[in-house]
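Here's the structure, in structure tokens; my notes come after.
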Amino acid sequence: MMFYTSKYQQLCLVATCWLGGIFSCLLFFQYSSTRCAPEIPPFKTDFIKDLNVSKPVSAAQVQPEQPPEPPEKPILLLWFLPENYKWDYGDCKKIYNIDGCHLTDDRNLYNEADAVLIFHKAISWDLSNLPPSPRPPFQRWIWLHVESPTNTPKVPGIENLFNLTLSYRRDADISVRYPLTVSKKPNDIVIPKKDKLLCWFVSNMATHTGIGTRMKYYNELKKYITVTIFGRMTGSRLRDEDYFPVMASCKFYLAFENSVHKDYITEKLNGPLAAGTVPVVLGPPRQNYEDFSPGSSFIHIDDFPNAEALANHLLALDKDDEAYRHYFDWRKHVSATPQLTVWNQEFVIYICHACEYISRHKEYKVAHDIYKWYFS
């Protein structure tokens, strides 16, 4: 027997079920939100105390960063004073802005010296005045020699003693010259007032030094042109402070080297270039001179077939101001720095550059067979 309900009863039953479902969901939501939600921890303030933000810091507690200590300067020991010339070692800083080493001639510092500079001309023939052996393993010996091969005595036994060479030669480990400086900004060309035609400063008259070539040429040249001479040759040696003023007063200067060798181009060229005088050079070939100075800055004796032709050229330039001025065109962008002329400063430039070298170069080197290299 089937149980039939009226339409009204059916609606009541559906409404009752729907309301019961909603009530059940509400109970479940309330229960889960109060029992299952994570508990929020209480806010803590203790960590603020650890920051010390509220505590004032005294100046004594602030420690400024200390700058790193500068590296210790290497020691360069001058075993001999070249030609026994004493000078102020502070000149390296004052003149060349070189201050990279500690210069000393105190032999008590030998075992601490990073490098020892040895002047070739001072070495005795039996080597008895050289530093003691064995040398400290970190130490370098520097061979200093600025004379031409003609004026280089071969002291036996030193061929393989040195680590570094110091010389005028371009292929020396430490090559020291009187360089010209190039500038983008043009210089004003000022030619000093001249009251002498051709000058020569000469003191070395020792025939064994190789002066025969230049004396032979001079004796021929003076037949055709007047040469004003200063120095021991005539007994009218210039004072050091007069070197550049007198040089500047000459239109031309005989920059004759005492002997002819590769790269042997000394202050005899730099002096007139710095003073504003045209040098007439005798030495290595023109090409070698042009390695160091503009070809239009000097006159080479090899440009003429003989001394008479050179003299005629100089006499013609003396009468032609415009042609003479062309020998100074190079000065628009190139300048020469005057060399030191005080007698006891002759070797300052070499020693100061040796100081700079050892402060920059730490690599190991050996100079094998110095004589084979120097006399090649």
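So, of the residues in region 134-165 that are part of a loop (DSSP other than H, G, I, E, B) and aromatic (Phe, Trp, Tyr), which turns out to be farthest from Tyr364 (Cα to Cα)? Ranking the candidates gives Phe162 first. Every condition in (1) free of Cβ contacts under 8 Å to residues at least 60 places away in the same chain; (2) surrounded by 16 or more Cβ atoms within 10 Å (Cβ to Cβ) holds for Asn270 except the one numbered (1). Are there any pairs, at least 6 apart or on different chains, whose C-beta atoms fall under 6 Å, with the first in region 311-334 and in contact (Cβ under 8 Å) with a residue 24 or more places away in the chain and the second hydroxyl-bearing (Ser, Thr, Tyr) and assigned to a helix (DSSP H, G or I), and if so, which? Filtered contacts from region 311-334: Leu317/Tyr324; Trp330/Ser296; Trp330/Ser297.
Filtered by the rule that a residue be within 28 Å of the chain's Cα centre (by Cα) and among the aliphatic types (A, V, I, L, M), region 124-157 gives Ile142, Leu144, Val146. Has region 219-227 got at least one residue that is closer than 25 Å to Ser148 by Cα, charged (D, E, K, R) and in contact (Cβ under 8 Å) with a residue 40 or more places away in the chain? Yes: one or more hits.
For region 115-149, name all the residues that are exposed (fewer than 15 other Cβ atoms within 10 Å of the Cβ), over 15 Å from Leu77 (Cβ atoms) and not small (Gly, Ala, Ser). Of everything in region 115-149, those that are exposed (fewer than 15 other Cβ atoms within 10 Å of the Cβ), over 15 Å from Leu77 (Cβ atoms) and not small (Gly, Ala, Ser) turn out to be Trp125, Asp126, Leu127, Pro134, Pro137.
Read-outs: derived from the displayed coordinates by stated rules, not from any lab. Note that this is a predicted model, so its numbers are computed, not measured. Here Cβ is always computed from backbone atoms with ideal geometry, including for glycine, and neighbour counts include all displayed protein chains.
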